[in-house]
Amino acid sequence: MNQKNIFLDNCTNYLKTEEFKKQLKDTLAPILGYIFGEISIYIYFIIFFILFSFFLHLFTLFILIRYIKNSKVI
């Protein structure tokens, strides 16, 4: 049990070092850059459709409000 705690302490201390953080960042930067590059067009499409849907619903709301005011039906 004592050796297990020593091993875990050594691992956590290594994970906290700046050297490990720099190596991890250097390793993950190209991978994440590639992934973002591949899915960025889909993210833009999703944002476009969300904004389009928002403005379409807003326009529909204005039309309904105008219709209710003109028809005086409450």
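Quick note: the coordinates plus some simple rules give every number you see, no bench work behind them. The model shown is predicted, which means the values in this text are computed figures rather than measured ones.
With axes computed from alpha carbons, what is the tilt in degrees of helix 2-16 against the longest principal axis of the chain, rounded to the nearest 10 within 0 to 90?
50
Please give the direction-averaged projected area of the C-alpha convex hull for the chain, in square nanometres with one decimal.
Quarter of the Cα hull surface area: 11.3 nm².
In nm, what is the difference between 0.36 nm times the number of residues separating I6 and L32 and their Cα-Cα distance?
So the chain would gain 6.0 nm between I6 and L32.
Would you mind calculating the gained length between F62 and Y14 on full extension (0.36 nm times residue separation, minus the Cα-Cα distance), in nm to one decimal?
11.3 nm is the gain from fully extending F62 to Y14.
Leaving out same-chain residues fewer than 8 places away, which lysines sit with a Cα under 23 Å from that of K16?
Cross-link targets: K4, K25.
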